[in-house]
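Take a look at the structure set out below.
The values are calculated or read from the model by the stated rules, or taken from the named source; none is laboratory data. Because the structure is predicted, anything quoted here is derived from the model rather than measured. Here the Cβ is made from the backbone with ideal geometry for all residues, glycine too, and neighbour counts use every protein chain on show. Protein only, heavy atoms only, side chains kept; ligands, DNA and RNA dropped before computing areas. Shrake-Rupley method; radii C 1.70, N 1.55, O 1.52, S 1.80 Å.
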Amino acid sequence: MCGIFGFLSTNGRGPDLACLRRIAAETETRGRHAFGLAWIDVEGELRTFKRPGAATACLDDLDACRHAVAVVGHCRWATHGDPQDNRNNHPHPAGRGFVVHNGVVRNYHQLVRRYGLRPKTDCDSEVLGLLMMRRAGTLVERAAWAVARTEGPLALLGLWDKPLRLLVVRRGNPLCFCETPNGLYFASLPAGLPGKALSITDEHASVLRLEGGSIQHQDLSILT
């Protein structure tokens with residue numbers, strides 16, 4: 001099942017940590033096998049953390065995101081790959097970025113064979129990042145192409161730095177967001193979000209970036 005969550009600052013300030021902890025704890029109801037994060041700090045560096053176990057056992061680790069301008073997180077319900085082998089846990093690399101995924105890639109083995117992928121883990125989610133690296137084009141085009149190759153409902157968040165970009169994808173699985181004075185919060189479940197929760201449009205991919213204090217986005221609405 002799994003759950004994902006995220007944050008994107010609109011004023012250069014970090015997230016409300018109490019709010020981020022509430023969102024992580026609520027997201028944990030969708031998966032208690034592992035917890036992971038990727039974030040971009042105020043210096044613009046992309047950093048990651050992951051480990052086996054429930055999010056509520058690791059909430060203090062969210063302190064590392066105190067000054068982050070963007071965060072994505074994952075609460076894992078393991079389907080492919082033992083969560084005790086931390087390589088199987090999220091986030092997974094996607095070139096110079098990282099992704100967190102909610103869903104099961106049902107045709108994982110077929111994709112590995114068809115595209116000659118070389119996964120380093122037993123987790124089906126890894127193929128999303130590997131597929132994105134097989135396609136030319138913008139980040140949103142590569143993400144949409146990769147998702148279209150897969151079978152099964154999903155939701156996806158990802159982070160890239162230099163420049164900062166937040167990837168948001170939904171096909172079937174739930175993904176919500178809300179807007180606050182200091183940024184956008186995202187989560188699989190609306191409970192815990194600090195404002196009015198809105199659903200991300202289904203069959204939607206977008207890349208969000210900050211320019212001049214406002215959020216710009218590039219969208220693709222059709223993932224088939």
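Going by the structure shown, is Leu189 within 26 Å of His109 (Cα to Cα) and within 15 Å of the chain's Cα centre (by Cα)?
Criteria not met by Leu189.
From the list Asn11, Asn86, exactly one residue is open to solvent by 30 Å² or more (accessible area, probe 1.4 Å) and within 24 Å of Glu179 (Cβ to Cβ). Which is it?
After applying the criteria, what remains is Asn11.
Residues in the stretch 176-189: is at least one of a type in the set (Asp, Glu) and either closer than 23 Å to Glu28 by Cβ or free of Cβ contacts under 8 Å to residues at least 12 places away in the same chain (or both)?
No, there is no match, as no residue in the stretch 176-189 is of a type in the set (Asp, Glu) and either closer than 23 Å to Glu28 by Cβ or free of Cβ contacts under 8 Å to residues at least 12 places away in the same chain (or both).
Leu46 - would you say it is touching a Leu at 6+ places or on another chain (Cβ under 9 Å), closer than 19 Å to Leu17 by Cα and open to solvent by less than 10 Å² (accessible area, probe 1.4 Å)?
no
Out of the residues in the stretch 20-43 that are more than 14 Å from the chain's Cα centre (by Cα) and farther than 21 Å from Asn182 by Cβ, state the one that is surrounded by the most Cβ atoms within 10 Å (Cβ to Cβ).
The qualifying residue surrounded by the most Cβ atoms within 10 Å (Cβ to Cβ) is Ala34.
Among residues belonging to the stretch 134-157 that are in a strand (DSSP E or B) and touching a Lys or Arg at 6+ places or on another chain (Cβ under 9 Å), point out the one that is surrounded by the fewest Cβ atoms within 10 Å (Cβ to Cβ).
Within the stretch 134-157, the match that is surrounded by the fewest Cβ atoms within 10 Å (Cβ to Cβ) is Leu154.
Hey, can you tell me all the residues within the stretch 138-168 that are in contact with a Gly (Cβ under 8 Å, 6 or more places away or on another chain) and among the acidic types (Asp, Glu)?
Selection gives Asp161 alone.
Does the stretch 134-142 include one or more residues that are more than 21 Å from His74 (Cβ to Cβ), without any contact (Cβ under 8 Å) to a residue 40 or more places away in the chain and of a type in the set (Val, Ile, Thr)?
no
Could you tell me which residue of the stretch 158-217 is surrounded by the most Cβ atoms within 10 Å (Cβ to Cβ), considering only residues that are polar (S, T, N, Q) and assigned to a loop (DSSP other than H, G, I, E, B)?
It comes out as Ser188.
Could you please tell me which pairs satisfy a Cβ distance under 7 Å, a separation of 6+ or placement on different chains, a first residue in the stretch 146-161 that is free of Cβ contacts under 8 Å to residues at least 40 places away in the same chain and closer than 16 Å to Asn107 by Cα, and a second residue that is surrounded by fewer than 24 Cβ atoms within 10 Å (Cβ to Cβ) and among the basic types (Lys, Arg)?
Ala146/Arg135
Would you check if there is a residue in the stretch 85-96 being touching a residue at least 12 places away in the same chain (Cβ under 8 Å), assigned to a strand (DSSP E or B) and within 20 Å of Arg171 (Cα to Cα)?
Within the stretch 85-96 (the criterion being touching a residue at least 12 places away in the same chain (Cβ under 8 Å), assigned to a strand (DSSP E or B) and within 20 Å of Arg171 (Cα to Cα)), the answer is yes, since at least one residue qualifies.
Could you please give the count of residues in the stretch 106-133 that are farther than 15 Å from Ala148 by Cα, under 20 Å from the mean Cα position of the chain (by Cα) and open to solvent by 90 Å² or more (accessible area, probe 1.4 Å)?
The number of residues fulfilling the criteria is 2.
Looking only at the stretch 67-95, count every residue that is within 12 Å of the chain's Cα centre (by Cα) and on the phi > 0 side of the Ramachandran plot and tell me the total.
Summing the residues that are within 12 Å of the chain's Cα centre (by Cα) and on the phi > 0 side of the Ramachandran plot in the stretch 67-95 gives 0.
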